[in-house]
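Everything on this sheet refers to the single structure shown next.
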Amino acid sequence: MRLTPTLHRIGNDIVAAYLIVAPDGITLVDAGLPGMYADLTRELDAIGRTLGDVRGVVLTHGDSDHVGFAERLRRERGIPVFVHAADAGRAQGGDKPKATMGPMRIGPLLSFAAFGIRKGMRPQWLTEVREVTDGDALDLPGQPRVIGMPGHSPGSIAVHSPLARAVFVGDALTTRHVLTGRTGPGPAPFTDDPAEALASLSRIEHLDADWVLPGHGPAFHGSPSAAVDAVRAADS
């Protein structure tokens, strides 16, 4: 799905990953679920690009519905996968704390489960990662910069691309709650430390961007400050 000439989304409002499309190649932000590999190849075909154009995958954190097909790209294509050092073990299948689920409704929960079954919820954990940390500027298409956003997980990050005029936030916030179906910017479920996650939003609210792109829910076309204000209002 084309958002702008430099910005494409694969997946849907349940689980999403993103492509930064630049003249010198493509950067993927997150890798969704394993079965979304086919969505990636279809999107590349639609824009006249190939897997050979993909220079790297940047994970916003190490949960299974973001790791997705990243290991396949790394193993079969030699494409490096970047993850914050604090989530490197999580992305390789290490133990994670049991997060509180909170409220839920049966319809959205069943939709999430059905999409997971269709796209493959069984994790394909990474066997090798390249660790990044807060403030790193990555030598990848779109000039992505790492912004530490601990809370959802210790190594959660946002990825800011000036070229795409976008900030990719993973599960630092959501625009469609997968357990309740609530739409609009709000706190994400399955968060390790909700208070820390809310505090981390101050790290993106002054960024110069036109898009805020979560791992779950519609793309937010507006400023990071507007998205953050909406999350805080939803949490109050």
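The values are calculated or read from the model by the stated rules, or taken from the named source; none is laboratory data. Keep in mind it's a predicted model, so treat the numbers as computed, not measured. Glycine also receives a Cβ, built like all others from the backbone with ideal geometry; neighbour counts cover every protein chain displayed.
Values computed for the structure shown
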item	result
Flag for Ser202 being of a type in the set (Gly, Ala, Ser) and more than 16 Å from Gly102 (Cα to Cα)	yes
Selection within the range 154-182 - over 19 Å from Tyr18 (Cβ atoms) and at pLDDT 95 or above	Pro154
Cβ pairs under 9 Å, 6+ apart, first in the range 119-138 and of a type in the set (A, V, I, L, M, F, W, C), second exposed (fewer than 14 other Cβ atoms within 10 Å of the Cβ) and modelled with pLDDT under 95	Met121/Ala113; Trp125/Gly94
Residue match in the range 49-59 (condition: more than 24 Å from Thr191 (Cα to Cα), crowded, with 17+ Cβ neighbours inside 10 Å and small (Gly, Ala, Ser))	yes
Residue match in the range 94-108 (condition: buried (at least 17 other Cβ atoms within 10 Å of the Cβ), modelled with pLDDT under 95, part of a helix (DSSP H, G or I) and over 15 Å from the mean Cα position of the chain (by Cα))	yes
Residue that is farthest from Pro224 (Cα to Cα), among those in the range 193-212 that are of a type outside the set (A, V, I, L, M) and surrounded by fewer than 18 Cβ atoms within 10 Å (Cβ to Cβ)	Asp193
Members of the range 120-140 found to be outside any loop (DSSP other than H, G, I, E, B) and more than 30 Å from Leu163 (Cα to Cα), listed by number	none
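Rundown of residues vs (1) under 16 Å from the mean Cα position of the chain (by Cα); (2) assigned to a loop (DSSP other than H, G, I, E, B); (3) at negative phi, yes/no style:
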site: Gly184; (1), (2), (3): no, no, no
site: Pro189; (1), (2), (3): yes, yes, yes
site: Ala197; (1), (2), (3): yes, no, yes
site: Leu201; (1), (2), (3): yes, no, yes
site: Glu205; (1), (2), (3): no, yes, yes
site: Val212; (1), (2), (3): yes, no, yes
